[in-house]
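Encoded as structure tokens, the structure appears first; notes follow it.
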Amino acid sequence: MTEEQRKSKSKKITTRPNLSSRFWKTFLVVLAAFLTFAGPTYVPYLLINTLEINHFISMGLGFALLIAGLVLVWYLIKSKVIS
């Protein structure tokens with residue numbers, strides 16, 4: 001194995017956040033809470049009243065944000081960030 005191959009193997013770039021960091025734990029928990037609670041309530045309200053988007057589209061987007069929040073909560077529980 002050459003020197004360049006060893007360097008390239010040791011420099012792995014990961015796209016996942018470091019869950020041992022307190023910053024990332026806090027950020028992901030707050031994001032999950034925002035998506036779960038504010039996503040299906042305030043986002044459709046803002047879309048309907050300010051941007052005048054169709055009611056069904058804004059409700060669909062709110063539902064999608066709720067699902068994304070629940071999936072994030074499930075991931076955090078599975079990876080034992082939330083006990």
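The values are calculated or read from the model by the stated rules, or taken from the named source; none is laboratory data. Fair warning: this is a prediction, and the values are worked out from it, not measured in the lab. Neighbour counts run over all protein chains shown; Cβ positions are idealised from the backbone, glycine included.
Among the numbered conditions (1) at pLDDT below 90; (2) hydroxyl-bearing (Ser, Thr, Tyr); (3) surrounded by 10 or more Cβ atoms within 10 Å (Cβ to Cβ), the only one that Ser10 does not meet is (3). Can you confirm whether Thr26 is out of contact with any helix residue (DSSP H, G or I) (no Cβ under 9 Å at 6 or more places or on another chain), under 17 Å from Ile82 (Cα atoms) and either modelled with pLDDT under 90 or in a helix (DSSP H, G or I) (or both)? Yes: the conditions hold for Thr26. Report yes if some residue within the stretch 36-48 is at pLDDT 90 or above and under 13 Å from the mean Cα position of the chain (by Cα); otherwise report no. Yes, there is a match, as at least one residue in the stretch 36-48 is at pLDDT 90 or above and under 13 Å from the mean Cα position of the chain (by Cα).
Scanning the stretch 61-83 for residues that are surrounded by 14 or more Cβ atoms within 10 Å (Cβ to Cβ) and under 12 Å from Lys25 (Cβ atoms) gives Leu76, Val81, Ile82. Figure legend. Inter-residue proximity from the stretch 30-44: first residues touching a residue at least 12 places away in the same chain (Cβ under 8 Å) and outside any helix (DSSP H, G or I), second residues surrounded by 15 or more Cβ atoms within 10 Å (Cβ to Cβ) and of a type in the set (D, E, K, R), beta-carbon distance below 8 Å, spacing 6+ or different chains. No pairs are indicated.
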